[in-house]
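Written below as structure tokens is the structure these notes are about.
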Amino acid sequence: MGVGLPALMRQTKREGATMETTTSAEPRAWIGCLGCYNMGRLNGRWMDADDAEEVGGKCDRCFSDEWWCFDVENTLKVREMSPAEFVRDARLVEVIDEHPNADALRVWVADDFQHNVKQYDFDPVDIIDTFEQAFDGEFETYADFAYEWADNYLGKSDEADAVLVIDWEATGRNLADGYNVIRHDGSLYFFRGDV
């Protein structure tokens, strides 16, 4: 039978050990030996992308040479993956975080990872170029989108609004027909569908 949490806490206090919790926005992965895992043992540690690049060789416990990311944090996709996939993902996160529209870029990438990232073989230049062609803005409502669209493409939307009675919300929904619209954290992100 396993040791329960209260017993573990008493044991920790007795030994004088302390537990430290750290948080970071940097991508990290818990990389362990797949052979040990398959035998019911956990043998690994949390690593950043630089350390993950060095993973390889035989495990000193079971002599397996298979390594796997069993848990990840601050990556584009939260799933198990190989260490090489994790390093590619982490490098892309670094590029995304430096982009002026980082939130929209993250939303776009996460919406359709297969289409928006894998088809470009994780090449940041191609991914960002396609994103910049597709991204048309972040708005709180469809009406805000329609109003800006009218201002940009028709000019003088203030005058049109004064003369005409326009349902900007309905107009925005109609205009969004050719767009991929993603709702995230209270915002609407508009991406052109023809890119």
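Taking the criterion of being part of a loop (DSSP other than H, G, I, E, B), modelled with pLDDT of 90 or more and of a type in the set (A, V, I, L, M, F, W, C), the only residue of the stretch 10-41 that qualifies is 39. The set of residues from the stretch 97-117 being without any contact (Cβ under 8 Å) to a residue 24 or more places away in the chain and buried (at least 17 other Cβ atoms within 10 Å of the Cβ) comprises just one member, 116.
How do the helices (runs of 4 or more DSSP H) wholly within the stretch 140-195 filter down when requiring 1 or more residues that are modelled with pLDDT of 85 or more: which remain? Explain how you work it out, then say what you get.
Numbers: elements: 142-153, 157-163, 168-175.
Output list reads 142-153, 168-175.
Residues of the stretch 162-195 that are in contact (Cβ under 8 Å) with a residue 60 or more places away in the chain and within 15 Å of residue 132 (Cα to Cα): 180, 189, 191, 195. In the stretch 70-85, the residues that are assigned by TED's automatic domain parsing to the domain that holds residue 45 reach residues that are modelled with pLDDT under 85 and of a type in the set (Gly, Ala, Ser) with C-beta atoms within less than 6 angstrom, at least six apart or across chains, in these pairs: 74/25.
Residue count for the stretch 30-61 satisfying the condition of being exposed (fewer than 13 other Cβ atoms within 10 Å of the Cβ) and either of a type in the set (Val, Ile, Thr) or within 20 Å of residue 89 (Cα to Cα) (or both): 4.
The values are calculated or read from the model by the stated rules, or taken from the named source; none is laboratory data. The structure presented is a predicted model; accordingly, all values stated were derived computationally and were not measured. Here Cβ is always computed from backbone atoms with ideal geometry, including for glycine, and neighbour counts include all displayed protein chains.
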